[in-house]
Amino acid sequence: MAVIAVFNQKGGVGKTTTVLNIAASLALLERKPVLIYLDPQAHVSLALGIKNQQSSASTAGFFRDNTPMDRIMRRLANQIRLLPGHPDLSKVDALLGATPGVAGTLKRGLDAALAWEDSPILIDCAPSLGVLSLNALYAADRVLIPVTADYLAIQGLNRLYLALNVLEGPLKRRIPRRIVLTRFDEAKPQCREALAGLKTRYGDNLCDTRIPDDPALSESPAHGMDIFAYSSDSPGAHDYRLLTMELLSKGFFQ
Ligand SMILES: Nc1ncnc2c1ncn2[C@@H]1O[C@H](COP(=O)(O)OP(=O)(O)O)[C@@H](O)[C@H]1O
Ligand SMILES: [Mg+2]
């Protein structure tokens, strides 16, 4: 099992879009991915055609009631196994924030349910560094950081790097990470400057593949589909296929 947290404490940078479409791409390659939603705001369970999701049968139930993961896991039409989220995840900080050892909850659950599998496990994180994201980072073998090419996003990235470096202390291990530029527009000087700055500062940690805007990427969730089911010839499908292949070739999912 390889656990990948898709994290950025900034919202709107493409975490949910990225995690869904990388998982869908891995599913098409028969890698049997597991997708875990830890963002109270992510309505992707809905986007994936799951309606009336009960709190008890979601990751909120896992954290609150210790519901075993295999009881909340659902297999989707695109062969992704999903641990759906729920708005009740927003209560986890207040409920469990003071519990000793709480940051290891997700890792313990994953070890119990999936340790013997070699499936990639992808986590869609909330845009904050609370109990849920700490659980994701604690469980993660690697972190994928989507970032948009604007000044504030890149300032945020620098802070995120510092936070990960601080976390490595108590974790007593490195957290390998890769950055992917999203919403990238080659024609905009601001985007080209951001790319040059990121290359200088983060070098090898920056993915070669960049994800430009594609309306199909924002439309597909409204149809309950990933980009490959919605429009497999779209530029967005091509880019996420390419990103997945790049990450596979660098051993990111092992
Ligand atoms: N490459 C893209 N092209 C077009 N729309 C995108 C792209 N990436 C993200 N979006 C849209 O931008 C919004 C924020 O993306 P999302 O993946 O939800 O970010 P996050 O999870 O980081 O908050 C969503 O409406 C999404 O559909
Ligand atoms: Mg999101």
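The values are calculated or read from the model by the stated rules, or taken from the named source; none is laboratory data. Bear in mind that the values here come from a model prediction, so they are computed numbers and not experimental data. Backbone-built Cβ (ideal geometry, glycine too); neighbour counts: all protein chains shown. With ligands, DNA and RNA removed, areas are computed over all heavy atoms of the protein, side chains included. Shrake-Rupley method; radii C 1.70, N 1.55, O 1.52, S 1.80 Å.
Condition (residue is within 18 Å of the chain's Cα centre (by Cα), under 14 Å from Pro40 (Cβ atoms) and in a loop (DSSP other than H, G, I, E, B)) applied to the stretch 137-155: is it met by at least one residue?
There is no residue in the stretch 137-155 that is within 18 Å of the chain's Cα centre (by Cα), under 14 Å from Pro40 (Cβ atoms) and in a loop (DSSP other than H, G, I, E, B).
So, of the residues in the stretch 26-47 that are among the aliphatic types (A, V, I, L, M) and open to solvent by 20 Å² or more (accessible area, probe 1.4 Å), which turns out to be modelled with the lowest pLDDT?
That would be Leu46.
Condition (residue is in contact with a Gly (Cβ under 7 Å, 6 or more places away or on another chain), surrounded by 15 or more Cβ atoms within 10 Å (Cβ to Cβ), outside any helix (DSSP H, G or I) and without any contact (Cβ under 8 Å) to a residue 60 or more places away in the chain) applied to the stretch 49-58: is it met by at least one residue?
From the stretch 49-58, those in contact with a Gly (Cβ under 7 Å, 6 or more places away or on another chain) are 49, 55, 58; that's our starting set.
Keeping just the survivors that are surrounded by 15 or more Cβ atoms within 10 Å (Cβ to Cβ) gives 55, 58.
Filter once more, keeping what is outside any helix (DSSP H, G or I): 58.
Within this subset, residues satisfying the condition of being without any contact (Cβ under 8 Å) to a residue 60 or more places away in the chain are 58.
Yes, the stretch 49-58 contains at least one residue that is in contact with a Gly (Cβ under 7 Å, 6 or more places away or on another chain), surrounded by 15 or more Cβ atoms within 10 Å (Cβ to Cβ), outside any helix (DSSP H, G or I) and without any contact (Cβ under 8 Å) to a residue 60 or more places away in the chain.
For the stretch 155-199, what are the residues that are free of Cβ contacts under 8 Å to residues at least 40 places away in the same chain, surrounded by 11 or more Cβ atoms within 10 Å (Cβ to Cβ) and of a type in the set (A, V, I, L, M)?
Leu164, Leu167, Leu171, Ile175, Ile179, Leu181
Considering each of Ala94, Ala136, Ala103, Ala140 in turn, give the residue that is over 20 Å from Gly12 (Cα atoms) and at pLDDT 95 or above. First the steps, then the outcome.
Details: Ala94 fails: at pLDDT 95 or above; Ala136 fails: over 20 Å from Gly12 (Cα atoms); Ala103 fails: at pLDDT 95 or above.
Answer to the selection: Ala140.
Tally up the residues in the stretch 72-115 that are free of Cβ contacts under 8 Å to residues at least 24 places away in the same chain and open to solvent by 40 Å² or more (accessible area, probe 1.4 Å), please.
Qualifying residue count for the region: 8.
Going by the conditions given, is Leu122 assigned to a helix (DSSP H, G or I) and of a type outside the set (Ser, Thr, Tyr)?
Answer is no for this residue.
Filter the stretch 200-253 for residues that are of a type in the set (Gly, Ala, Ser), open to solvent by less than 50 Å² (accessible area, probe 1.4 Å) and within 16 Å of ligand 2 (Cβ to nearest atom) and give the result.
Ser220
Restricting to the stretch 120-130, and then to whatever is open to solvent by less than 40 Å² (accessible area, probe 1.4 Å) and modelled with pLDDT under 95, can you tell me which residue is farthest from Gln79 (Cα to Cα)?
Gly130
Given Ala77, Ala23, which one is away from ligand 2 (no atom under 16 Å from the Cβ) and among the small types (Gly, Ala, Ser)?
On the way: Ala23 fails: away from ligand 2 (no atom under 16 Å from the Cβ).
Going through Ala77, Ala23 in turn, the sole match is Ala77.
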